Amino acid sequence: MLPTPRAPLRVSRPPGVEMSKLQQETAYERVEREDLVLFVNACFACTSQREFYGSSAAQSVSIAFLHDYILGNYRQLYVRMLAVGVNHFNQSQIILRLLAAGAPAEPHQRREESALLTAALHALPASAVFRLFSELARRRVNNRRSRALIAAYLRARPDPNFDAVKYRAKLSTAARHAHLRLGDERGTFLFALRSVRAFETPLFEQFRQAHYSGTAIFDLPFTVAEGLAAKKGLDQGAFLERIAPKMSAAEKLRMQTSAARHGAKLELDLRRAPLTRLA
């Protein structure tokens with residue numbers, strides 16, 4: 001549960017007693033330290049999910065206030081929170097607010113922010129990044145820096161074709177929002193899938209065929225086939241057993257509970273599983 005944010009401290013003094021400049025600076029520094037400690041603790045603990053002591057909505061309001069307060073009063077320190085190692089949710093919130101606020105006026109601050117934004121973005125899981133891009137589009141944050149950051153991220157992706165299949169809806173939203181021109185088959189796949197009878201890219205063609213064939217879905221990577229199977233209403237147990245050869249060890253471990261619930265069995269060598277995931 002997040003602590004209740006407070007208003008900035010006003011240092012009281014007896015009537016007729018003036019505070020020295022040193023005393024004022026000491027008081028302000030103490031307030032600054034307390035604000036930052038509160039924010040750091042919240043960024044490590046808060047995930048905007050429902051918890052025992054409060055709902056996700058209440059937690060979202062509290063953490064949103066803290067983000068806006070620290071950004072408005074300590075922007076440089078707020079930016080450097082990206083290098084502290086806070087959780088993915090709060091990193092995404094920091095990136096979102098910095099892009100919405102626009103670039104700072106000072107050149108050295110712009111360079112530092114751009115470097116930290118780029119490094120943090122590439123360290124986030126792809127799913128979190130594409131959610132962030134969708135949120136930028138929803139909030140209509142479309143300045144030059146946000147467009148350049150989206151374009152640079154997509155250019156650096158190791159397997160853009162896989163991204164186009166797995167994150168098709170979010171990627172098409174990001175590409176449209178950032179005015180990107182995708183010159184290869186990705187553009188056709190994202191925006192004119194039904195107009196094509198066959199793709200040259202094997203993964204795109206497998207995805208197209210999976211919409212019409214009951215067997216083509218099992219030629220797709222598991223993370224892609226999983227969503228299509230849910231849309232087609234396939235039996236979960238039968239689907240998991242048949243798609244098992246396409247699954248990695250981590251995916252099999254993640255799906256153990258679901259497989260057991262649907263009467264399916266996934267072969268997995270538990271001796272090779274990471275201890276934390278196994279527990």
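The values are calculated or read from the model by the stated rules, or taken from the named source; none is laboratory data. As the structure is a prediction and not an experimental result, all values here were calculated from the model. Glycine also receives a Cβ, built like all others from the backbone with ideal geometry; neighbour counts cover every protein chain displayed. Calculation scope for accessible area: heavy atoms of the full protein, side chains included, ligands and nucleic acids excluded. Shrake-Rupley method; radii C 1.70, N 1.55, O 1.52, S 1.80 Å.
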Kirkwood radius from Cα pairs of the range 73-189 plugged into Stokes-Einstein at 25 °C, 0.890 mPa s, gives D in µm²/s equal to 167 µm²/s
Can you compute the equivalent ellipsoid semi-axes for the range 204-272, i.e. the square root of 5 times each eigenvalue of the Cα gyration tensor, sorted largest first and rounded to whole Å?
22, 13, 8
Rank Phe162, Phe218, Phe130 by accessible area, highest first, at a 1.4 Å probe radius?
Phe162, Phe218, Phe130
Could you rank the peptides 102-109, 249-256 by their average count of other C-beta atoms within 10 Å per residue, with the highest value first?
249-256, 102-109
How large is the charge dipole for the range 88-154, taken about the Cα centre, if only the Cβ atoms of Lys, Arg (+1) and Asp, Glu (-1) carry charge, to the nearest 20 debye?
280 debye
Principal-axis tilt of helix 222-232 within the chain, Cα atoms, nearest 10 degrees
70 degrees
Would you mind computing Rg(Cα) / (2.2 N^0.38 Å) for the range 140-242, counting N as its residues?
1.20
When the accessible area of the range 72-210 is computed with all protein chains present and a 1.4 Å probe, what percentage of it is carbon and sulfur?
49 percent
Out of the GluC sites (Glu not before Pro) in the range 166-218, which ones are loop residues according to DSSP with at most 16 other C-beta atoms within 10 Å?
Glu200
With +1 at each Lys and Arg Cβ and -1 at each Asp and Glu Cβ, the charge dipole magnitude of the chain around its Cα centre, to the nearest 20 debye, comes out at 560 debye
Which residue, chosen from Leu149, His177, Phe89, occupies the Cα position most advanced towards the positive end of the dipole of the chain, where the dipole is computed from +1 (Lys, Arg) and -1 (Asp, Glu) charges on Cβ about the Cα centre?
His177
Positive end of the charge dipole of the range 63-152 (Lys, Arg +1 and Asp, Glu -1 on Cβ, about the Cα centre): tell me which of Ala126, Leu77, His67 has its Cα farthest that way.
Ala126
Between 0 and 90°, nearest 10: helix 107-123 axis offset from the chain longest Cα axis:
40 degrees
Quick one: what are the phi-derived ³J(HN,Hα) couplings along the range 76-88, Karplus 6.51/-1.76/1.60 with θ = phi - 60°, whole Hz, x for glycine and proline?
4, 5, 4, 4, 6, 4, 5, 9, 7, x, 5, 5, 4
List the pair-distance distribution P(r) of the chain, using every Cα-Cα distance, as the percent of pairs falling in each 10 Å bin from 0 up to the bin containing the longest distance, rounded to whole percents.
5, 21, 25, 24, 15, 5, 3, 2, 0
Full-extension gain between Phe65 and Arg155, please, as 0.36 nm times their residue separation minus the C-alpha to C-alpha distance.
29.0 nm
Of Lys170/Lys252; Lys166/Lys231; Lys170/Lys231, those spanning more than 20 Å from alpha-carbon to alpha-carbon
Lys170/Lys252
Simple label model, 7 Å out from Cα along Cβ direction - Lys232 to Phe44, nm
4.7 nm
